[in-house]
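I'd like to ask you about the structure that follows.
Taken together, the values in this text are just the output of simple stated rules run on the coordinates, not laboratory data. The structure presented is a predicted model; accordingly, all values stated were derived computationally and were not measured. Backbone-built Cβ (ideal geometry, glycine too); neighbour counts: all protein chains shown.
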Amino acid sequence: MKVTFDIATSQDDALLRYCLKENTMEGSISLAFEAEPSFFKAVSVQGKESQVLVARTQNHSQIAGLGLRSIKPLHVNNEIKNIGYLSGLRLSPGYRHSIHLARGYQFLKQLDADQKVPFYLTTILEENEKVIKLLESNRADLPTYHYLSRYNTYYMKAIPEVSSKNYTIRQATQKDLSNLLAFLNREGKRKTFFPYLEINDFQSTYLMGLQVSDFYLAYDQNECVGVLAKWDQSSFKQTRVMNYSQGIKVARPLANMVSSWTRLPKLPKVGSLLRYYYLSFVAIKKDNPDILTQLIAYISSQNNGYDLFTLGLCENDPLTKAFENIKAKVLKSNIYLVSFDKQFKMPNAIKEKTLYLELATL
């Protein structure tokens, strides 16, 4: 079946939202990602600049596939650089052929000729073994995927306070904004790919749904030692539970009963939306896991009406130690650096530092 590739416009919004809903992410828990009321508003948090690549059917009545190229400023080797991110790859049933995938990457390569970024990042769920095998194959018609790290997505509904030291925690106010950003960028630059934020970002769709008051500050006496944000994106991005594996279906009633007296999230009924938020912009002085633990405990104690919260850390991040004594579920992904240059050499600066990807913007 013939398809053509181009860049989507706002007139495609309804078709894009339909394509997103219809292409369920299969797994032990099958999920559909939605972008109501606007696809383009939903993707605005993924970068300062975004292009939505679409594969159109011959009569242009349907979008057979899509992908997203976004660009955002990140900390790389003590500099601020625009880095690309590839995400949202969807191919509708009947169009999942290697020829369409290859042509899509050819179109992306044409866009990459603008040289706005030196390379791209992307994440692939570890359980997507077929996709990983294909993209790591180094085929001539595909870009090169360089493995960087495993990425842990933690999700839970609450945690106990287990820190040995008490820190003073409070919500940020507008008066804190300059110092808040200075702390984020000072601590963030220690980790490769930590987002670079500016004051104007709070007036843009790049941080849509996130207010200064959604940031929480941890103090040791009068010194700020930690920052963590609570980002609820449900007003423009949603996740719907479409199905469970047979094993989970059988275990679900008991699991939900146990959830009532544990801190693990319940398994919602099929067809319902997950009510969750992201814990974002994780910046902790000296990567002290006790500080992160208390920030998470403080925020999650006010979980009013949420099924769960989620937080992402790279496997080599010292802050993962905060989860050694916390009962959290973990979803594992692989992080790749993607380049259309077959001669590309990995910069040493990327290999040597701890990596950070902001889960809420992936």
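If you wrap a convex hull around the Cα atoms of the chain, how much volume per residue is inside, in Å³? Kindly include the intermediate steps, with their values, before the conclusion.
Values: hull volume 50.3 nm³, N = 362.
Each residue corresponds to 139 Å³ of Cα convex hull volume.
With contacts defined as alpha carbon pairs under 8 Å and 6 or more residues apart, what's the relative contact order of the chain in percent? Walk me through the numbers on the way to the answer.
On the way: 716 pairs, mean separation 88.5, N = 362.
About 24 percent, as a whole number.
By how many degrees, 0 to 90 and rounded to 10, does the Cα axis of helix 13-22 deviate from the longest principal axis of the chain?
So the helix axis and the longest Cα principal axis differ by about 80 degrees.
Further question on the same structure: Report, ordered by chain and residue number, the lysines lying within cross-link reach of K2, taken as a straight Cα distance under 22 Å and ignoring same-chain residues fewer than 8 apart.
Straight-line reach from K2, under 22 Å: K109.
Can I ask one more? What whole-number value in cubic angstrom gives the convex hull volume per residue for the C-alpha atoms of region 233-351? Mind showing how you got there, number by number?
Details: hull volume 21.1 nm³, N = 119.
It is 177 Å³ per residue.
Let me make sure I get this right: for region 148-204, a, b and c are the square roots of the gyration tensor eigenvalues over alpha carbons, sorted descending. Under 1.5 in a/c it's rounded, otherwise prolate if a/b > b/c, else oblate. Which is it?
Values: a/c = 1.85, a/b = 1.18, b/c = 1.58.
It is oblate, given that a/c is not under 1.5 and a/b is not larger than b/c.
Using packing as a proxy for protection, rank 208-214, 243-249, 283-289, 224-230 so that the peptide with the highest average count of other Cβ atoms within 10 Å comes first. Spell out each step's value before the answer.
Values: 208-214: 16.7, 243-249: 13.1, 283-289: 19.0, 224-230: 23.0.
By packing density, highest mean first, the sequence is 224-230, 283-289, 208-214, 243-249.
Next up: Across region 105-232, how large is the tail of the calculated P(r) beyond 18 Å, expressed as a percent of all Cα pairs?
Every Cα pair in region 105-232 considered, those over 18 Å come to 70 percent.
Could you run the Karplus curve 6.51 cos²θ - 1.76 cosθ + 1.60 with θ = phi - 60° over region 112-121 and give me ³J(HN,Hα) per residue in whole Hz, x for Gly and Pro?
Those phi angles translate into 5, 5, 6, 6, 6, 9, x, 5, 10, 10 Hz.
Now for a separate question. Place +1 on the Cβ of every Lys and Arg and -1 on the Cβ of every Asp and Glu in region 3-151, take the dipole about the Cα centre, and give the residue among S28, A113, I124 whose Cα lies farthest towards its positive end.
Of the listed residues, the answer is A113.
In the structure shown, do any of K191/K269; K266/K353; K72/K345; K130/K353 have a Cα-Cα gap over 32 Å, and if so which?
The pairs that break the limit, which is 32 Å between Cα atoms, are K191/K269; K266/K353.
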